[in-house]
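Comments concern the structure below.
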Amino acid sequence: MCIRDSFICDLLKRFSELTVTWQGLVVWILSNLCRGKPFPEYAKIRVFLPFCIKFLYEAEEDEHKIDLLYTLSYLTTGDDDQISDAVKLRVSQAAVNSLASPNDKVLIPALRLCGNICAGDTAAADDILGNNLLEFLVPLITHPRKLIRCEALWVLSNICAGKSWQIQLVLDTPALSKIENMLATDLLEVQKECIYCLCNMLYNSTLAQCQSLIENYRILEKLFAFVTKDQIFVTPILNALEALLYLGEQNKRSGANPFAKYIDMIGGTKVLEQLQHSRDEKTYEQVYNIIDHYF
């Protein structure tokens, strides 16, 4: 009703004239409108996008920032065009700035907004990375609060699902050494997000990057240590292994796939053979195809 009757739009035009209390109420209403059930059509709520970004830059109250960030996370949940609309209005810098907040309640929607932008097209991901996202993001993957660690790793995994030059930016940070420690000591839920980061990285890296990940970070040993630990790890790890082996097939040395040779050397083939006994039909079929094609 508010969207259709432009009631909220009239309030937004007068926003700067309102008291802090009324400003907070307007932002809260806006947040609820944008996350309505069913989710409102983007065309009807797109008009709120410039306002939210503008006032996120200007907001001083954490409560206002929280509602604005949640609203922007709803507005950027969708196709690449929605994310591009926000990027053109300079949402990236505002999102990254919010990651410097000491307030956990600000960080959670800020991370969701950053993750949405990174999941957009290449230009959107490049834009937020160009606004120093990793400088603020990487420290958050070891945040004391589990939820924030998971959210930060989700953002990182979205970056690692991108282009090779974006992955290289991650490789140039201490992120991998932090992930290595977390795989050894953190909770299963956090470890799952770590594995997604590694799998996405391996899936989308260049030959040289894959070789570095294998030789310098022992990424395959880490993945094989987890593939039989819990079913939640199986599909992403097998997908990453398939992509790696396909890349190796295109770059054979003396007729041999270098990655298949390395996997066999570290006992990975035996682990794959164990997985053939999985009760999950999809797992069985995927493992069978990997062994049949590459070993």
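Each of Ile263, Leu33, Gln209 was scored by the projection of its Cα onto the charge dipole of the chain, and the greatest displacement toward the positive side belongs to Ile263; charges sit on the C-beta of Lys, Arg, Asp and Glu.
Among Ile167, Ile83, Ile263, the residue with the largest mean-square fluctuation in a Gaussian network model of the chain, with springs joining Cα atoms closer than 10 Å, is Ile263. Run the helix sum for the chain: -39,500 (n - 2.57) per DSSP H stretch of 4+ residues, divided by residue count, reported at 222 nm to the nearest 500 deg cm²/dmol. The per-residue figure over the chain is -22500 deg cm²/dmol. Each pair of Cα atoms in region 69-139 enters the Kirkwood radius, and Stokes-Einstein at 25 °C and 0.890 mPa s then converts it into a translational diffusion coefficient of 211 µm²/s. The convex hull built on the alpha-carbon positions of region 33-101 has an orientation-averaged projected area of 4.5 nm². In the context of the full set of protein chains, the chain has a per residue accessible area of 49 Å² (1.4 Å probe).
Taking the charge dipole of the chain about its Cα centre, with +1 at Lys and Arg Cβ atoms and -1 at Asp and Glu Cβ atoms, the residue from Asn132, Gln276, Ala95 reaching farthest to the positive side is Gln276. Please report the spacing between the Cα centers of region 85-108 and region 159-234 in Å, no decimals. So the two Cα centres are separated by 26 Å. Straight-line cross-link partners of Lys105 among the aspartates and glutamates, defined as a Cα under 19 Å from its Cα and at least 8 positions apart when in the same chain: Glu58, Glu60, Glu61, Asp62, Glu63, Asp67, Glu151.
Net charge dipole, region 124-274: roughly 260 debye, given to the nearest 20, about the Cα centre with Cβ charges of +1 for Lys and Arg and -1 for Asp and Glu. What part of the accessible area of the chain, given as a whole %, is carbon or sulfur when the probe is 1.4 angstrom? That share works out to 50 percent.
Cross-link partners of Lys44 among lysines, defined as those whose alpha carbon lies under 20 angstrom from its own and excluding same-chain residues fewer than eight positions apart: Lys13, Lys54, Lys88.
State the Kirkwood hydrodynamic radius of the chain in Å, one decimal place, computed from all pairs of distinct Cα atoms.
Kirkwood hydrodynamic radius for the chain: 20.9 Å.
Three principal axis extents of region 129-269 based on alpha-carbon atoms, in descending order, are 48, 35, 22 Å. Can you list the lysines whose alpha carbon sits under 26 Å from that of Lys282, skipping same-chain ones fewer than 8 residues off? By straight Cα distance, Lys282 reaches Lys192, Lys222, Lys229, Lys261, Lys270.
The values are calculated or read from the model by the stated rules, or taken from the named source; none is laboratory data. Only a predicted model underlies this, so the values are computations on that prediction, with no experimental measurement involved. FYI the Cβ positions are ideal-geometry reconstructions off the backbone, even for glycines, and counts take in every protein chain you see. Just the protein is used for accessible areas: all its heavy atoms, side chains included, with ligands, DNA and RNA removed. Shrake-Rupley method; radii C 1.70, N 1.55, O 1.52, S 1.80 Å.
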